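Just below is one structure, and these are the notes that go with it.
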Amino acid sequence: MNEFRSGFVSFVGRPNVGKSTLTNALVGEKIAITSSKPQTTRRAIRGIVNTPAAQIIVVDTPGLHRPRTLLGQRLNDVVGNTLNSVDVIGFCVPANEKIGPGDAFINEQLGEYRRAKLIALVTKSETVSRDALAKQLVEISELRNWDAVIPVSAISGEQLEELKVILGQLLPKSQALYPEDMKTEESLEERVCELIREASLEDSREELPHSLAVTIDEMGPRPDSNIYDIHANLWVERDSQKAIIIGKGGSRLKQIGSEARVEIEKLLGTKVMLRIHVKVAPDWQRDPKQLGRLGM
C-alpha cells in the first residue's frame, strides 16, 4: 500500500499565465484574486488540496519581476523564499502564446532551486487546437528534463485531476499537515481585503494597480440581523488617484463596492453592507513604515 504524501507546490511563470486561476481551480474555491493586471498577487497564499493519497499545499506567489519600489523588492523576496522551500515547482506557459525570452529567463532561474522537483504546465489548453497544443508541449519539453509535462485548463477543468495525481506522487511521504476541511490559511479579513482590491483593479489606469491597498477598520455580523457590516479603507498614493477611484459623482467607487460585495457575499454566505473610504498614503510603496501599516 502506498504511503500518504504531503508537501508544498508553487507555480511560476510570466504575468497572466494563469497561476492564480489554476490555484483556485485545484483548491475548488476562490482563495487567490485574479486580474489582467500584472503583479496582482502580493503575498504567498496557501491553498490546500486534499486527495485520497495526498495533501497538496499550493503556494500562490507574486510573479518574478524587475523591482522599481520597496514593495516590488519585497514581492520578489516572497517569491525567492517560497521557491527555496517548496517540494515541487510548476513552470506555467500558456498554450496560446509562443515561448519567449521571459519564459527562457524564468526557466534559467529554476536551476537555482535544487530542492524542488520541476514540472512544466501548458495552461489555457482550451484556447488552442490539439495540433497547436501538441507543438507547445514539445517545445516546453525541450527546455529541460522535467519530472512531468502536462497540459491543463483551469477553465474547462481538463487534466486537473491528473495534475493532482502527479503532484501528489512527487511530494514527500508525510502525514497531512492541515485539517482535511481546511482550504486556506488566509484569514477572513485578508480574503475580504483582497476581494475589494480585485474589484478596484479592473478598468484602472496603468499606474494605479500597484498603488492600491486595502485595510479593514471593522467587520462583523450586525446584532439580531442577517446583515454583515464591513468598513474598509482603499488606499492610494496621490490625490489624483483618489479622484480616479471615486469617479464622477462617486460612480467608480460605487461600481467597485457593488462588484466586491457580490464576491464577499459568496464568501460569507450572507447579505453584506460594505462601506469603502478612499484614503491617501503618499508614496506608500517606498515607505517601510507605511508598508508595515498596510500589512506588507
Here is a check on your reading of the model: is E180 crowded, with 17+ Cβ neighbours inside 10 Å and either in a loop (DSSP other than H, G, I, E, B) or not assigned by TED's automatic domain parsing to the domain that holds K19 (or both)?
no
Give all pairs with beta carbons closer than 8 Å in which a residue from the range 196-208 that is on the phi < 0 side of the Ramachandran plot meets a residue that is modelled with pLDDT under 60 and β-branched (V, I, T); count only pairs at least 6 apart in sequence or on separate chains.
E198/T40; L201/T40
Quick test for you: out of V262, V272, pick the one residue that is touching an Asp or Glu at 6+ places or on another chain (Cβ under 9 Å) and either outside the structural domain of V214 (by TED's automatic domain parsing) or modelled with pLDDT of 90 or more (or both).
V272
Output yes when any residue across the range 85-101 is part of a helix (DSSP H, G or I), hydrophobic (A, V, I, L, M, F, W, C) and over 17 Å from F8 (Cβ atoms), and no when none is.
no
Does G168 satisfy the criteria of being touching a residue at least 60 places away in the same chain (Cβ under 8 Å), touching a helix residue (DSSP H, G or I) at 6+ places or on another chain (Cβ under 8 Å), among the small types (G, A, S) and farther than 27 Å from F105 by Cα?
no
Any idea which of (1) closer than 27 Å to I264 by Cβ; (2) in a helix (DSSP H, G or I); (3) outside the structural domain of E263 (by TED's automatic domain parsing) is the one A134 doesn't satisfy?
(1)
Take the residues in the range 21-51 that are under 19 Å from N96 (Cα atoms) and at pLDDT 85 or above, then tell me which one is farthest from the chain's Cα centre (by Cα).
L22
Give the residues of the range 77-107 that are polar (S, T, N, Q), in contact with a Ser or Thr (Cβ under 9 Å, 6 or more places away or on another chain) and under 24 Å from E126 (Cα atoms), sorted by residue number.
N96
In the set A154, A104, which member is of a type in the set (A, V, I, L, M, F, W, C), modelled with pLDDT under 95 and loosely packed, with under 15 Cβ neighbours inside 10 Å?
A104
For the range 134-165, how many residues meet the condition of being among the hydroxyl-bearing types (S, T, Y), under 19 Å from V88 (Cβ atoms) and in contact (Cβ under 8 Å) with a residue 24 or more places away in the chain?
0
Take the residues in the range 102-131 that are assigned to a loop (DSSP other than H, G, I, E, B) and small (G, A, S), then tell me which one is farthest from L171 (Cα to Cα).
S129
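The values are calculated or read from the model by the stated rules, or taken from the named source; none is laboratory data. Note that the structure is a prediction, hence the values are computed from the model and not measured. No Cβ is skipped: glycine too gets one built from the backbone with ideal geometry, and neighbour counts run over all protein chains shown.
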